[in-house]
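> Sharing a structure, written as structure tokens. Questions coming.
The values are calculated or read from the model by the stated rules, or taken from the named source; none is laboratory data. No experiment lies behind these values; they were computed from the predicted model shown. Note that each Cβ is placed from the backbone with ideal geometry, even for glycine, and that neighbours are counted across all protein chains shown. Just the protein is used for accessible areas: all its heavy atoms, side chains included, with ligands, DNA and RNA removed. Shrake-Rupley method; radii C 1.70, N 1.55, O 1.52, S 1.80 Å.
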Amino acid sequence: ITQYLGKNLNLEYVLICKVLNDGKTAETLSYCVSGKLVSNKKYDLYNTPCENVYGKKMCVFPSNIQKLFPEDIALVKMNAEGYVGQPLWDSNGNPIGLIACISKKEIKNSELIIPILNIIATKVSSELIRKQSKDLLESSETKYRLLFENMTSGFALHEIICDENGKPIDYRYIAANPVYERLTGISTSTIVGKRVKELLPNLEQYWIDTYGTVALTGKPLTYQNFSKEINKYFDTWVFSPKENQFAVIFNDITDRIKAE
């Protein structure tokens, strides 16, 4: 979009920017100079024409932009003469960024630039919202993964399996963290997608019934119990993050129980 605007509207500089949470700093997402994309950068909105655009309205300064904003050193470096800025909004009417078009010559075709920016702004806003949502999701996933892999307790997520009468008879592994493998001796690289009875054929029905109750009712529980299959005592918290699923967080308390 920045290259298109620069080429077709004879603009030396075109910037699509998001504004950071402080409301004072803009960061370019696409920065086109004389038809070529250059490295993105951050800049302070204070005393710039962009400050008059962000969260406000479209601004058109056909000429003398340096005299109008004498403290904006970037305009001097650009040898800027004209400026057109278009604010960007999310679907709730909150400001999220702006498009800035800067020319080294007087802008004489603003009547052409304005409707084009109005049309493009909708597309750019949608893409910016999508990108922000994606960034938030990736950030959340990264945090979750770090917690998942570095927590000191064993953790596993499962899907309950019921017979035709709705009685829990087995459960399938969805995910498990490295501590799960250390505490149970079951390899996390091989269990995902498998049923517990494939791995522990002699597992007590008690565990399946207990986990099934949580997965089907959504009521969490905590308990201590002994697994004959693994020959260990566990302190366990079970909860249901989603219907027909249950997550288990547990710690090995075998040494403590034996000591008692």
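> Going down the list 77/123; 143/258; 7/42, which pairs span over 26 Å between their C-alpha atoms?
77/123; 143/258
> Ignoring ligands, DNA and RNA, what percent of the accessible area of the chain is carbon or sulfur (1.4 Å)?
About 51 percent, which is the carbon plus sulfur part of the accessible surface.
> Another one. Hey, can you find the accessible area per residue of the chain for me, probe 1.4 Å, expressed in square angstrom?
57
> Just 94, 150, 165 to compare: in a GNM of the chain, with alpha carbon springs under 10 Å, which one fluctuates most?
In this elastic network of the chain, the residue with the biggest mean-square fluctuation among 94, 150, 165 is 165.
> Continuing with this model, one more query. If the cut-off is a Cα-Cα distance under 15 Å, which aspartates and glutamates reach residue 242, setting aside same-chain residues fewer than 8 apart in sequence?
159
> Amide H neighbours of residue 171 under 5 Å, counting only residues 5+ apart in sequence or on other chains, H built in-plane at 1.01 Å?
161, 196, 197
> Another question about this same structure. How big is the gap, in Å, between the Cα center of the range 92-145 and the Cα center of the range 1-20?
11
> Which of the peptides 95-103, 219-227, 135-143, 74-82 is most tightly packed, and how do the rest follow, going by the mean number of other Cβ atoms within 10 Å of each residue?
Ranking the peptides 95-103, 219-227, 135-143, 74-82 by packing returns 95-103, 74-82, 219-227, 135-143.
> Quickly estimate the mean residue ellipticity at 222 nm for the chain, helices only: each DSSP H run with n ≥ 4 gives -39500 (n - 2.57), and the total goes over all residues, rounded to 500.
-10500 deg cm²/dmol
> Which angle between 0 and 90 degrees, to the nearest 10, do you get for helix 110-150 versus the longest principal axis of the chain when only C-alpha atoms count?
Tilt relative to the chain: about 30 degrees.
> While we're looking at this one, here's another question. Once you order the gyration tensor axes a ≥ b ≥ c over the Cα atoms, which shape class does the range 105-165 get: rounded for a/c under 1.5, otherwise prolate or oblate by comparing a/b with b/c?
Since a/c reaches 1.5 but b/c is at least a/b, the shape of the range 105-165 is classed as oblate.
> Build a GNM of the chain with springs between Cα atoms under 10 Å: which of 235, 44, 163 gets the top mean-square fluctuation?
Fluctuation is largest for 163.
> Just checking my list [x] 20.1; [y] 22.9; [z] 18.6 against Kirkwood radius over Cα pairs in Å computed from this structure; which label fits?
[y]
> How far, in degrees from 0 to 90, does helix 205-217 lean away from the longest principal axis of the Cα atoms of the chain, to the nearest 10?
40
> Assuming R0 = 41 Å, can you tell me the calculated FRET efficiency for the pair residue 94 and residue 187, based on Cβ-Cβ distance, to the nearest 0.05?
Plugging the Cβ-Cβ distance into 1/(1 + (r/R0)^6) gives 0.30.
> Please work out the FRET efficiency for the pair residue 111 and residue 29, using the Cβ-Cβ distance as r and a Förster radius of 35 Å; give the result to the nearest 0.05.
Given R0 = 35 Å and the Cβ-Cβ separation, E is 0.85.
> Further question: Taking the Cα centre as origin and putting +1 on Lys and Arg beta-carbons and -1 on Asp and Glu beta-carbons, what dipole magnitude results for the range 45-84, to the nearest 20 debye?
100
> Further question: Using only the Cα atoms, work out Rg/Rh for the range 43-160, with Rh taken as the Kirkwood radius, to two decimals.
Using Cα coordinates only, the ratio equals 1.24.
> If r is the Cβ-Cβ distance from residue 174 to residue 133 and R0 is 22 Å, what FRET efficiency results, to the nearest 0.05?
0.35
> Could you check the simple spin-label distance between residue 224 and residue 260, using points 7 Å along Cα→Cβ, in nm with one decimal?
0.2
> Could you tell me the relative contact order of the chain? Use alpha-carbon pairs under 8 Å, at least six residues apart, and round to a whole percent.
Averaging sequence separation for qualifying contacts and normalising by length gives 11 percent for the chain.
> Residue-wise, which Karplus ³J(HN,Hα) couplings in Hz belong to the range 156-170, taking 6.51 cos²θ - 1.76 cosθ + 1.60, θ = phi - 60°, and x for glycine or proline?
Residue by residue, the range 156-170 yields 8, 10, 9, 10, 6, 10, 10, 7, 5, 9, x, 8, x, 10, 5 Hz.
> If the reach is capped at under 19 angstrom between alpha carbons, list the aspartates and glutamates near residue 131, excluding any in the same chain fewer than eight residues apart.
Residue 131 reaches 22, 27, 90, 141.
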